[in-house]
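Chemist: Could you have a look at this structure, given as structure tokens, before my questions?
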Amino acid sequence: MHQNVEDKKAISRREFLFKAGKGAVIVAAAPPIAALLLQGKNLFAAAITSSEAQIDKQTIEKLLTIALSRGGEFAEVYVEYTINNSFSMQEQLIRQANYGIVQGVGIRVLKGAQTGYGYSDDFSFDSLKKAAEVAAFIADQPSSAVTPAQLVMQSHKNVSPVKITPDQVAIKQKTDLLYRADKAARAKDSRITQVDASFADSITMITIANSEGLHTQDERVLYRLNASVVAESNGRRESGYNGGGGRLGFDQFDTFTPEEIANEAVRQATILLESVEAPAGPNEVVLGNGWAGILLHESIGHGLESDFNRKKTSLYTDRIGQVVASELCTVVDEGNIPNRRGSLTIDDEGTPTRKNVLIEDGILRSYLVDRLNGKLMGMQSTGSGRRESFKHYPMPRMTNTYLIPGSKAELHTPDDIVRSVKKGFYAKTFSGGQVDISNGNFVFNVTEGYLIEDGKITAPVKGATLIGIGPEVLTKVVMVGNDFALDRGIGTCGKNGQGVPVGVGEPTLKISEITVGGTAVRAKSMMG
């Protein structure tokens, strides 16, 4: 169920009002959840109760038996119950408020390299049985059907404990963040003519069980606050964006404040009012720390996912143990960093997440492996099986992917790195990028970039792109900074039509050569 404030028919059937600053906002919600919200009840507890009441252990065991009835090798049941809230502000008013529940069951059957998948948002046994039967049809040897193992519950300590969950926060507290961001942006600079802000939170209960006896659950909370602004001066208009969040409690906004978010968006927009055209051609390039790691994510990370390597469509296929990057570089994907946007206690196949060293001192050590590809490649899962929702089957995906200095790297301050460049380009942040896995070609749009002249950062640049070949980028890393940072929690990665939250990070890096393009191109954005 997902009802929108602009859906008048939905509102006429079920609605409640609340006062939020300057306007009255209508939020669509389904009783009795709406009543619980008004009463300040714990919606997460309601979610868990509702989920478990509708599909119990005995039902799951029956579904696994049906899923294997035609001779499948492996079966899995994935149960999801999610409560989503979101609010958006335009023209200093809350223009949209959404309250939605996503619930359903996905059933997967594996037979060799083939996958059968069925799902239902109806928890009645007849509907779930049909989903299991659909998934089972990937196999056609009922005589070889096996009985699933007895389910044994496995518990895991949550890697992202949360103090204040979304259900404990009044709606007005959430919308007040948007008013604060709007006020701060307009007060920061008189050239700001437009401010948009948005807030979203979600709380999820996941249950996973499979034919090998695994039975486990996970609790997932996610917050995010964003602000975008438009600045105008002398007939020129420029925009700026900032935001962040993670698997943290609402109290994160006591330190990562809406004022800070808005002021950074203003800074970006007003700097661009003075920007010049981007220099075209090969350049020495300095990459900023933190969010600039999306270049690593797109140009390198996807090529290390096991499905591309099993199918031999990645430039990294069959290269484990080989030098693929500068010895100054070590690349890690870590799914269990506490409270990060890309973190999970268990992946979406029930495997605990962990720290996976993919490239060590320039040498390729591992791929990102899920269950299916791991079995076919003779490798263990790295806790990298992820899916967008119960409607989707899992595939190998990144979590929090970052570059750290290799053991042989000499660390430099960011100023030292910039001073070493006679003429070049400084790319501080990006709005997104895209890559061709088969040949590594990438294009990235630079949100904030500057010229480097005689060892100094000078004029801001607009419309710049970085163009190159992913694996070549890491071989051209010649200096590594001492300022490693993770991003602020804004990444959403798309693959095969599925979007999942991710994180990135890196220190300041000097690349000996990347082609800088002077015209921005359309690219798949990671800012979801």
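Chemist: Between residue 146 and residue 233, what is the label-to-label distance in nm when each label sits 7 Å out along the Cα-to-Cβ direction?
Modeler: My value for the distance between the label points is 6.8 nm.
Chemist: Sort 134, 285 so that the residue with the fewest other Cβ atoms within 10 Å of its own Cβ comes first and the one with the most comes last.
Modeler: Numbers: 134 17, 285 26.
Placing the least packed residue first, the sequence is 134, 285.
Chemist: For segment 43-271, what is the Kirkwood estimate of the hydrodynamic radius, computed as the reciprocal of the mean inverse distance between distinct Cα atoms, to one decimal in Å? Could you put the intermediate results ahead of the total?
Modeler: Numbers: mean 1/r = 0.0493 Å⁻¹.
That comes to 20.3 Å for segment 43-271.
Chemist: If you don't mind, another one. Return a whole-number percent for the relative contact order of the chain, with Cα pairs under 8 Å and 6 or more residues apart as the contact set. Before the final figure, lay out each step's value.
Modeler: On the way: 1456 pairs, mean separation 73.1, N = 528.
For the chain, the relative contact order is 14 percent.
Chemist: Run the simple label-point estimate for residue 311 and residue 113 please: 7 Å along Cα→C-beta, distance reported in nm.
Modeler: 1.0
Chemist: I need 60, 511 ordered by Cβ neighbour count within 10 Å, fewest first. Before the final figure, lay out the partial values.
Modeler: Details: 60 22, 511 25.
Fewest to most other Cβ atoms nearby, the residues stand as 60, 511.
Chemist: Would you calculate a helix-derived [θ] at 222 nm for the chain, using -39,500 (n - 2.57) for each DSSP H run of n ≥ 4 and dividing by the full residue count, to the nearest 500?
Modeler: Result for the chain: -5500 deg cm²/dmol, rounded to the nearest 500.
Chemist: Using only the alpha carbons of the chain, what is the convex hull's orientation-averaged projected area in square nanometres? Could you put the intermediate results ahead of the total?
Modeler: Working: hull surface 99.5 nm².
Mean projected area of the Cα convex hull: 24.9 nm².
Chemist: Measuring from a point 7 Å past the Cα of residue 416 along Cα-to-C-beta, which residues in segment 320-336 have an amide N at less than 19 Å?
Modeler: Under cut-off, by backbone N: 327-330.
Chemist: Assuming a strict under-21 Å limit between Cα atoms, what lysine pair count do you get for segment 276-517 once near-sequence pairs (fewer than 8 apart, same chain) are dropped?
Modeler: For segment 276-517, qualifying lysine pairs total 24.
Chemist: For residue 454 and residue 62, calculate 0.36 nm times their separation in residues minus their Cα-Cα distance, and state this gained length in nm to one decimal.
Modeler: Working: separation 392, 0.36 × 392 = 141.12 nm, distance 7.06 nm.
134.1 nm is the gain from fully extending residue 454 to residue 62.
Chemist: Note the full-extension length gain between residue 380 and residue 441 as 0.36 nm times their separation in residues minus their Cα-Cα distance, in nm to one decimal. Let's see the in-between values first.
Modeler: Numbers: separation 61, 0.36 × 61 = 21.96 nm, distance 2.93 nm.
Gain on stretching residue 380 to residue 441: 19.0 nm.
Chemist: What is the distance, in nm, between label points placed 7 Å from the Cα along the Cα-to-Cβ direction at residue 153 and at residue 482?
Modeler: Label-label distance for residue 153 and residue 482, simple model: 5.1 nm.
Chemist: Give, in nm to one decimal, the length gained when the segment between residue 355 and residue 91 is fully stretched (0.36 nm per residue of separation minus the Cα-Cα distance). Spell out each step's value before the answer.
Modeler: Numbers: separation 264, 0.36 × 264 = 95.04 nm, distance 4.39 nm.
Contour length minus Cα-Cα distance gives 90.7 nm.
Chemist: Just to confirm the filter: which GluC sites (Glu not before Pro) across segment 71-131 are DSSP coil and have at most 12 other Cβ within 10 angstrom of their Cβ?
Modeler: On the way: sites: 73, 76, 80, 91; in loops: 73, 91.
Answer by residue number: 91.
Chemist: Among the trypsin sites (Lys or Arg not before Pro) within segment 105-139, which fall in a DSSP loop and have no more than 14 other Cβ atoms within 10 Å of their own Cβ?
Modeler: Numbers: sites: 108, 111, 129, 130; in loops: none.
Answer in residue order: no site qualifies.
No lab work stands behind these numbers, since they all come straight from the coordinates. Being a predicted model, the structure only gives us computed values, none of them experimental. So basically every Cβ, Gly included, is an ideal-geometry build from the backbone, and we count neighbours across all protein chains shown.
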